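Accompanying notes for the structure given below.
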Amino acid sequence: MNTLKLTLAGIALSFIAHAQNADGVKVDYQPCSGFSVSKPLSEMAVMTDEDKDESEKQIVPRQRRSSPLAPNVNKTAQPSHDPIAQTNMGSKTMAAPIVNWQGYTGTASPPDPSGAAGPAHYVQAVNLRYNVYDKTGNTLGGPFTLSSLWAGSSNMGDPIVMYDKYADRWFISQFNGSDKILVAISTSSNPLGSYYTYTFVPSAGNFPDYPKFSIWADGYYCTSNIGGTEKFAVFDRTKMLAGNPTAGMISLTVPPTPNYFFFSPLPADADGTLPPFGTPCPIFCYEDDAWTSGGTDQLRIFKLTANWTTPLASTLVLDQTIPTASINAMFNVNYDDVSQPGTSQKIDAIGGVFTYRAQYRRWTGYNSVVLNHAVIVNSVTKQTGLRWYELRQNVMTGVWSIYQSGTYAPDLHSRFLGSMAMDDNGSIAIAYAVSSGTVFPSIRYTGRLASDPLGQFTFTETTAIAGTSSQTSHNRFGDYSQTSMDPDGITFWHTGEYMSSGGKTRIFSWQIPLTTGINELQDRPDILVFQNENILNVKGLKLMSGNETQVDIFDVMGKLITGKKVYPSANSFETSFDVGTFAKGTYLVRVGNENFQKVVKVTLN
């Protein structure tokens, strides 16, 4: 059935279309229900204490199921101890934060901190404000209310900030009303400039709680905890970057999936280079075998294929299930999970979901995703730890497998709200909240090198900010945190909540340091790219001599244009490409092998 709809105050006619494919998945396509261009943030009024209204003093709701699925009556017991727990801390010395400053914290609880770094800025959003900083912590703009971007909207929350480095644009979102998702895309690389603002309705009449976004070549992908008919959505990135008011949304119903009160899978979020336009986006969730009768401890991977030429031909399938080591994710049904000093009030560990982000990278010969979620490490003490995974996808078969996994629990404190990422060298970092009966809610981080023993974080745990108080008023804490990569490919940025005279947020950055035992030349390669008339020159320095290295050129939509193999000599190489037939514009040059990669953006004239 097609329903004619008048949009943009009568300027254009668009269609809302519905279909159901052979697998029973319902597919909807509809244009945005609202579009405008904001005035530059530099011209917006900064909020003062007097401007804060009572709506900020709320506990922002996190929607839950009315009841869990039927417990697995055939399961004898949850594991008493996590079978792959790392119970000792790594010994390698982790670098201190490069920068570390107090983020913005409004009066709404939880703060839902989200943030990302660009070439010269860091943008953070919380309930119900956002700020623009330089990369040393100086405020350049804000705080602004979330509603300031979308005329006529209200401050609802659950914001997400992303820096789309492939287009050099900023992305800010929040939910609104009873069923709306609001998305703003900067009109330029300047986060203090104007924004194209869009309103979408992923599932009419259903609240899109806890939305999580990702950057993919053919769209901005979104999942949420809708609670009625679950849907995944993808928004037309190409049109939104161009400020096209006809930008649409494809949404698809999710096949029945076991969950425990709360369901919000994570879509793959591209770092490094984009996948080619039209590549299906993998979407990840996990299952505890105790959640449902006949259940299995496993990962579930959906595959969403968007078709912007024929939107109703888009597909969503459960592509794979991967068994895991035993999981205990039967958290308290009232979200009372993690102990704090001096109070019986416990705080929410955000059980049942992978925590933001599902960072995706393309390597020579395989693709990778890193994921983590909270688990109960000890069934008696209810200590919470971080189960984490590095998945790898065979580029020939498309099949995912667990390359490594572990549960980080190096002492008796609880760790939760983890957010992890991988740098250009394959090193993995994770930042998270820590709390127990003797440690106030704090933020710490650790990491590992690609060459380290699998399943282990090998660096000492480092404190970014120590908490000094407990949260005694309610159990909602954080709701999420975010670790993102700097455009340099090696600097991690994190924002999360800790406790100090009330909940506060923190913003800090760090790198996985050079370490003896791994070739230091390869740890920090330098890649120089420059154009001389019709020739694009690529020079690599501080590389392993003799190691086969791939040099590829992609367009900004992720399409591989050309590439070649090189073999560094004397720790360097030089090569060139004839780009005389290339269209003018921005391209990405990726240099790498299975041990490292570095991506350089270049504009061809």
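Of the residues PRO245, PRO255, only one is in contact (Cβ under 8 Å) with a residue 24 or more places away in the chain, in contact with a strand residue (DSSP E or B) (Cβ under 8 Å, 6 or more places away or on another chain) and surrounded by 18 or more Cβ atoms within 10 Å (Cβ to Cβ); which?
PRO245
Check whether at least one residue in region 407-424 is farther than 23 Å from THR463 by Cα, modelled with pLDDT under 95 and in the same structural domain as PRO282 (by TED's automatic domain parsing), and report yes or no.
Within region 407-424, the first condition is being farther than 23 Å from THR463 by Cα, and the residues that meet it are 424.
With modelled with pLDDT under 95 added as a condition, the list becomes 424.
In the following step, the residues that additionally are in the same structural domain as PRO282 (by TED's automatic domain parsing) were identified as 424.
Checked region 407-424: at least one residue is farther than 23 Å from THR463 by Cα, modelled with pLDDT under 95 and in the same structural domain as PRO282 (by TED's automatic domain parsing).
Residues being under 23 Å from TYR286 (Cβ atoms) and either not aliphatic (A, V, I, L, M) or not in a strand (DSSP E or B) (or both): count how many of those fall in region 204-250.
The number of residues fulfilling the criteria is 20.
If the requirement is being over 15 Å from the mean Cα position of the chain (by Cα), closer than 25 Å to ILE215 by Cβ and in the same structural domain as ASP289 (by TED's automatic domain parsing), which of these qualifies: ASN378, ASN372, ASN394?
Only one candidate qualifies: ASN394.
Residues to consider are SER379, SER339; find the one that is over 20 Å from THR472 (Cα atoms) and touching a residue at least 24 places away in the same chain (Cβ under 8 Å). Give the steps one after another, and end with the answer.
Values: SER339 fails: over 20 Å from THR472 (Cα atoms).
After applying the criteria, what remains is SER379.
So ILE443 passes all but one of these: (1) in contact (Cβ under 8 Å) with a residue 60 or more places away in the chain; (2) assigned to a loop (DSSP other than H, G, I, E, B); (3) assigned by TED's automatic domain parsing to the domain that holds PRO211. Which condition number does it fail?
Only one criterion in (1) in contact (Cβ under 8 Å) with a residue 60 or more places away in the chain; (2) assigned to a loop (DSSP other than H, G, I, E, B); (3) assigned by TED's automatic domain parsing to the domain that holds PRO211 is unmet by ILE443, namely (2).
Within region 30-56, track down each residue that is among the acidic types (Asp, Glu) and at pLDDT below 60. Steps first, answer last, please.
Initial filter on region 30-56 (among the acidic types (Asp, Glu)): 43, 49-51, 53-54, 56.
Matches in region 30-56: GLU50, ASP51, ASP53, GLU54, GLU56.
Considering only region 57-160, give the strands (runs of 3 or more DSSP E) lying wholly within it that have at least 1 residues that are at pLDDT 95 or above and surrounded by fewer than 14 Cβ atoms within 10 Å (Cβ to Cβ).
Because the criterion is at least 1 residues that are at pLDDT 95 or above and surrounded by fewer than 14 Cβ atoms within 10 Å (Cβ to Cβ), the strands (runs of 3 or more DSSP E) in region 57-160 that meet it are 99-102, 129-134, 139-145.
Return the residues of region 163-203 that are over 20 Å from the mean Cα position of the chain (by Cα) and not in a strand (DSSP E or B); say none if nothing qualifies.
Hits for region 163-203 are GLY177, SER178, ASP179, THR187, SER188, SER189, ASN190, LEU192, GLY193, SER194, VAL201, SER203.
Which ones in region 554-605 are β-branched (Val, Ile, Thr), assigned to a loop (DSSP other than H, G, I, E, B) and surrounded by 14 or more Cβ atoms within 10 Å (Cβ to Cβ)? Please lay out each step first, then the result.
So the first thing to find is which residues in region 554-605 are β-branched (Val, Ile, Thr), and the list is 556, 561-562, 566, 575, 579, 581, 586, 589, 591, 599-600, 602-603.
Now drop any that are not assigned to a loop (DSSP other than H, G, I, E, B), which leaves 556, 579, 581.
If the condition is that a residue be β-branched (Val, Ile, Thr), assigned to a loop (DSSP other than H, G, I, E, B) and surrounded by 14 or more Cβ atoms within 10 Å (Cβ to Cβ), then VAL556, VAL579 are the ones that fit.
Answer yes or no as to whether GLN383 is within 17 Å of ASN88 (Cα to Cα) and at pLDDT 95 or above.
yes
The values are calculated or read from the model by the stated rules, or taken from the named source; none is laboratory data. Please read all numbers here as calculations on a predicted model, not as lab measurements. Glycine also receives a Cβ, built like all others from the backbone with ideal geometry; neighbour counts cover every protein chain displayed.
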